[in-house]
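The values are calculated or read from the model by the stated rules, or taken from the named source; none is laboratory data. Only a predicted model underlies this, so the values are computations on that prediction, with no experimental measurement involved. FYI the Cβ positions are ideal-geometry reconstructions off the backbone, even for glycines, and counts take in every protein chain you see. Note: areas computed on protein heavy atoms with side chains; ligands, DNA, RNA excluded. Shrake-Rupley method; radii C 1.70, N 1.55, O 1.52, S 1.80 Å.
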Amino acid sequence: MRTALLQSSGRPGSVVENLKVLDEAAGRAAAAGAGLVAAPEMFLTGYAIGDDIARLAEPADGDSADAIAEIATRHGVAVVYGYPEREGETVYNSAQLISADGTRLANYRKTHLFGCFERDHFTPGEQPVVQADLNGLRVGLMICYDVEFPENVRAHALAGTDLLVVPTAQMHPFQFVAESVVPVRAFENQMYVAYVNRVGQEGEFEFVGLSTLAGPDAIARTRAGRGEELVLADADPDFLAASREANPYLKDRRPGLYGSLV
C-alpha cells in the first residue's frame, strides 16, 4: 500500500485552514497512487496552542471527523490524523483512521504523555493496541512518545500489526528518534513504521521534520527533510512476509523470562 506522509504543522489554531491543507495533500497523495495519507500529531488544531486545545477539542465523531470523511471519500484515500479528542470533560491526544469510503475505522488515545505541557492539557489513554484492517494490511496507531517505549511496539507486533502509523510532534534535540529509533523499532518487531512529524517553530517547540517510513529491514523507504513536504513510499505485504520468515526475533522470544518487566 502506497503511504503518503504529510510533513506539515498546518496553520496552528485554525481547524478550517488545516482541513484545507489536508484536503490538498489528500488530492496529491491519491493522484500518486496512495491508499493512505497520514498527518502529524495534533494536526487538526495545532500542537502548541495552550488553552485552545480544550476549546477546539472535538468528539471522535464530531464535525471535523465528518469533514475528513468527506475528504477521504472524495479523493478515494484513507486518512490518519492527529487531533484533541473530547469525551465529556476529558481531553485526549488522539489519532483517528478513516477509510477511503468515509468509515471511522480506529481511534487511538496517546498512552504516554510527554512533558509538563502534555500532562497539563491531556489525560493519557489506557488502550495500548488499536488496529484496523486496510487494503490487505493490519494498520496500528500510536502517537509520538509512545513509539519510544519498546513494550508498546512489541505489543503491536504480537497483535499482528503490519504497518504502524505514528503521528508525531518530534522536537529538537530528539531527532535521533526519527533517524535511529524508528528504523530499529521496525526491524526488531518486523513491521513497517510510518512516522510523520510536524516542522518548524511553534511556540516554545522546534519541530524537526525527518518523517520516515521504515521497513522491517530497518531501511527507510522514504525520509523527508526539515521543511513542509509530502513524501510517499510503499508498505509491501509480500516483502513483509518474507522478512518475517527470515527474521527469528518474534519466534525466538522466551516470554517466561520476561515477567520482571511488569
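Of note:
- Where only C-alpha atoms are counted, convex hull volume of the stretch 142-237 per residue in Å³: 78 Å³
- The chain, dipole about Cα centre (Lys/Arg Cβ +1, Asp/Glu Cβ -1), debye to the nearest 20: 640 debye
- The residues Arg254, Arg104, Arg198, sorted by heavy-atom accessible surface at 1.4 Å with ligands and nucleic acids left out, run Arg254, Arg104, Arg198 from largest to smallest.
- Distance between the stretch 1-80 and the stretch 121-165 - C-alpha centres, whole angstrom: 19 Å
- About its Cα centre, the dipole of the stretch 1-141 is roughly 520 debye, where the only charges are +1 on Lys and Arg Cβ and -1 on Asp and Glu Cβ.
- Given charges at Cβ of Lys, Arg, Asp, Glu: the chain dipole, positive-most of Ile219, Tyr83, Met1: Ile219
- Using a probe of 1.4 Å, the accessible surface attributed to Val130 totals some 10 Å² when neighbouring protein chains are kept in position.
- Principal axis dimensions, largest first and in whole angstrom, of the chain by Cα: 49, 42, 33
- Amide H contacts under 5 Å for Gly102: Thr73, restricted to partners 5 or more places along the chain or on a different chain, H placed in the peptide plane at 1.01 Å from N.
- ³J(HN,Hα), Karplus 6.51/-1.76/1.60, whole Hz, each residue of the stretch 239-250, x for Gly, Pro: 5, 4, 4, 5, 5, 5, 5, 7, 9, x, 3, 5
- Full extension of the chain segment joining Asp120 with Asp133 gains 1.3 nm, where the gain is 0.36 nm per residue of separation less the Cα-Cα distance.
- For the stretch 1-145, the spread of Cα positions along each principal axis, largest first, Å: 40, 31, 24
- Listed residue (Asn18, Leu141, Ser94) projecting farthest to the positive dipole end of the chain, Cβ model: Leu141
- Here the contact order of the chain, divided by its residue count and restricted to Cα pairs under 8 Å and six or more residues apart, works out to 19 percent.
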